[in-house]
1. Inside segment 402-489, counting only strands (runs of 3 or more DSSP E) that do not spill past its ends, which hold 1 or more residues that are within 35 Å of the chain's Cα centre (by Cα) and modelled with pLDDT of 90 or more?
2. Of the numbered conditions (1) part of a helix (DSSP H, G or I); (2) closer than 30 Å to residue 317 by Cα, residue 215 fails exactly one; give the number of that condition.
3. Taking into account only those residues within segment 108-146 that are in a loop (DSSP other than H, G, I, E, B) and touching a helix residue (DSSP H, G or I) at 6+ places or on another chain (Cβ under 9 Å), which is surrounded by the most Cβ atoms within 10 Å (Cβ to Cβ)?
4. What number of residues within segment 579-608 satisfy the criterion of being at pLDDT 75 or above, over 25 Å from residue 520 (Cα atoms) and surrounded by fewer than 24 Cβ atoms within 10 Å (Cβ to Cβ)?
5. If the requirement is being modelled with pLDDT under 95, farther than 29 Å from residue 294 by Cα and either surrounded by fewer than 16 Cβ atoms within 10 Å (Cβ to Cβ) or assigned by TED's automatic domain parsing to the domain that holds residue 260 (or both), which of these qualifies: 152, 160?
6. Report whether or not residue 216 is within 17 Å of residue 181 (Cα to Cα) and either exposed (fewer than 13 other Cβ atoms within 10 Å of the Cβ) or touching a strand residue (DSSP E or B) at 6+ places or on another chain (Cβ under 9 Å) (or both).
7. Among the residues of segment 231-251, are any in a loop (DSSP other than H, G, I, E, B), in the same structural domain as residue 218 (by TED's automatic domain parsing) and free of Cβ contacts under 8 Å to residues at least 60 places away in the same chain?
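The values are calculated or read from the model by the stated rules, or taken from the named source; none is laboratory data. All of these numbers come straight from a predicted model, not from anything done at the bench. Cβ atoms come from the backbone with ideal geometry, glycine included; neighbour counts cover every protein chain shown.
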């Protein structure tokens, strides 16, 4: 009979090394713990130095309250902390509280702590090397604390194999600093390698919203600063503030989506899901908005002790938090009206370089001039040039400011409307409008698609979408599986204004369509919906995929590219855009218009 192994208490050094495996995953993890300690100490400025990505040196200096000699000795003991004065694990008001960080770091690295309290006679320093604690000694240091971590994981060489290249480790450290800096805009941060400073953030000034936006702009970029919408909402004692980007300012990953709970940066699945739900009507599934939200919630309503690295939280009422985020974001987006991000015009101007235009013109003019007009090698160019002259005298495009097609009483001064008045339609796809201080170019299909989509949503909220019967019901031939998927959803489709019936094997007959779609390609609409149902699967109801169904229908019911519009139609579309929420972007997050200011246009031509 085998004997059971002897149960014994592990050595303190080994216990700390095990704890380090949970708390100190990489240099950025150790850095996070040290910077959080500095913030909890009330620091106004935090200076960080990393060498070799933090492998050989992590140094964090702050001007916080500092520690006495006795407090320094206690700080490197396990489960010793100043952050639970009442031994209350529910009402956590600090960033770090586990009491494991410093002893865990000291168990796997060479750690030194130097600190001085305000009005202290002297500073004190203490070293820990691979778990072996030295003696506290006097030192020279201003008020505050400096913690240095050298040769991380020297005591556990196996962990070194899991570290990445220095540049990769540095990028993780920069991400940590950026998140903490966004959570605490009133604190200054610097990050350097001893020779080059990669992060320099001065303490932000002004009221809190201004501080946050300034700090967010410094980290997330000027584009976010210029296109951020303010968020502010409160429900049942839970307050949400922050800034979000316009839908047309988006990217291909969720890297610039941040959430802070009671000043603590977190990565929470609930947050990402709520953001996706709020932007569902405005962005394609593979595009992500810029987000920075700050949640203030009573400490007893959130568990911050879920994860050893304190990156996750658990809410007592997750439904309340999710609902607050979704509704607050939707209200902020609705208040933005038809506004599109300035990055759209910036991208357009960036691609219009005068030197490119002048170069192309010079190349064209350098071609040999043939007898009879025109340039050699450009057959028909002279004919096209001659044809170009004639329409200048009887230009039929509308509307102009004095067009006879404009009804009486319809003001056509550009400064009367945010999107101006239509001056022309080009390529039977784009409307060119003049505003008080520039021009607007509108994608007529994308703009009308958004308008129809918003109408469909309003009609559904009001009780249902009006239908119109087809004079001749239309039979749509499909494969049997596609027809079966549509037939299973007859009742749901009818609520959305589409009445179909089975018509033998592999076919359906369409009897009614949503009235607001007008003249539409019924065949293509039905086939597109069948394809959508195949992609979504059988588990989701059409109401759960309402945004996608309505978007598909709106696309078929909108003004198509290639359709010629008269002056009244173009101006009517502009006016509807101004009155329709979210009309600055189509249902996939692409812009519906580009606005170029007169000053920008003048720069292109060298007038400024």
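1. Result: 421-426, 430-435, 438-443.
2. Among (1) part of a helix (DSSP H, G or I); (2) closer than 30 Å to residue 317 by Cα, residue 215 violates only (2).
3. 109
4. 13
5. 160
6. yes
7. Checked against the condition, which is being in a loop (DSSP other than H, G, I, E, B), in the same structural domain as residue 218 (by TED's automatic domain parsing) and free of Cβ contacts under 8 Å to residues at least 60 places away in the same chain, segment 231-251 yields no hits at all.
For (1) assigned to a strand (DSSP E or B); (2) modelled with pLDDT under 90; (3) surrounded by fewer than 23 Cβ atoms within 10 Å (Cβ to Cβ); (4) in contact with a helix residue (DSSP H, G or I) (Cβ under 6 Å, 6 or more places away or on another chain), each residue gets a yes or a no:
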| position | (1), (2), (3), (4) |
| --- | --- |
| 48 | yes, no, no, no |
| 58 | yes, no, no, yes |
| 78 | no, yes, yes, yes |
| 102 | no, yes, no, yes |
